[in-house]
Amino acid sequence: MKTFQFKITLVYTDKPVVWRRVLVPDEITFADLHEVIQEAFGWEHSHLYQFSEKGWGSKPCYQSLDEYDGDGADIKDSNDTLINEVLQRARQKYTYIYDFGDDWKHEILLEKILDKPVLIPLCTDGEGACPPEDCGGVPGYYNMVDVVNNSENEEHEDTREWMGIADGEKWDVSAFDLEAANARCTALASDE
């Protein structure tokens, strides 16, 4: 068994770019990798997802067939496909899309293939706050940040309450808690 080191970047974010670095066993499925990404970023597992080489329209794509009602030979079950069957060399890139409405597109870069095995997923680094679910994708996220951080905005109070932000607090786009992200990732091993 080998270890894959991935850098996963939430596309179109900036100041800071939102990304996570994770270590995973190379013999996990795409469904397992989805779970790791969810935990590393702090997403809520609330929406559909897919993996593919270049994003929308790129084939084949891997997603949970339990949640897919279409037909197509190019749709593969993410529960049955090991990541090392598709990702096989360092510097290889892939795309992960989460929430087909908000369209959270992530670039997955296989940074390194390590000979030393890791038995549980680990989040080793990252930057930037994970946007909240259902805020309208990257443009909606930055609009939400502007609204919640501007007490003069007419939508400020409603947005602040929706976000669970106390009166007078600001949304910190740079906030990232490595310890919490890693705790969520390592907890996946105990869920199996």
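Of everything in region 142-171 that is touching a residue at least 12 places away in the same chain (Cβ under 8 Å) and assigned to a helix (DSSP H, G or I), the residue that is surrounded by the fewest Cβ atoms within 10 Å (Cβ to Cβ) is MET163. Contact annotation: residue pairs with Cβ atoms under 6 Å, 6 or more positions apart or on different chains, pairing a residue in region 88-107 that is free of Cβ contacts under 8 Å to residues at least 60 places away in the same chain and surrounded by 15 or more Cβ atoms within 10 Å (Cβ to Cβ) with a partner that is assigned to a strand (DSSP E or B) and of a type in the set (Val, Ile, Thr), are TYR94/ILE108. Within region 103-135, being part of a strand (DSSP E or B), closer than 18 Å to LYS15 by Cβ and of a type in the set (A, V, I, L, M, F, W, C) holds for one residue alone: TRP104.
Set side by side, the residues LYS54, LYS7 differ, and just one is surrounded by fewer than 20 Cβ atoms within 10 Å (Cβ to Cβ) and more than 20 Å from ILE120 (Cα to Cα), which is LYS54. Please determine whether any residue of region 42-50 is over 21 Å from ILE113 (Cβ atoms) and hydrophobic (A, V, I, L, M, F, W, C). Within region 42-50, one or more residues are over 21 Å from ILE113 (Cβ atoms) and hydrophobic (A, V, I, L, M, F, W, C). Restricting PHE100, PHE30, PHE51 to residues that are aromatic (Phe, Trp, Tyr) and within 20 Å of GLY136 (Cβ to Cβ) narrows the list to PHE100. The residue of region 29-55 that is farthest from THR95 (Cα to Cα), among those that are assigned to a loop (DSSP other than H, G, I, E, B) and without any contact (Cβ under 8 Å) to a residue 60 or more places away in the chain, is HIS45.
Scanning region 172-192 for residues that are farther than 24 Å from VAL17 by Cα and surrounded by fewer than 14 Cβ atoms within 10 Å (Cβ to Cβ) yields ALA187, ALA189, SER190, ASP191, GLU192. The set of residues in region 177-192 being assigned to a loop (DSSP other than H, G, I, E, B) and touching a residue at least 60 places away in the same chain (Cβ under 8 Å) is empty. Scanning region 108-128 for residues that are under 27 Å from PRO139 (Cβ atoms) and touching a helix residue (DSSP H, G or I) at 6+ places or on another chain (Cβ under 9 Å), which turns out surrounded by the fewest Cβ atoms within 10 Å (Cβ to Cβ)? Taking the candidates together, the pick is ASP125.
Read-outs throughout are calculated quantities, based only on the coordinates presented, and are distinct from any laboratory measurement. Source: prediction; values computed, not measured. All Cβ positions, even for glycine, are placed from backbone atoms using ideal geometry, and neighbour counts span all protein chains on display.
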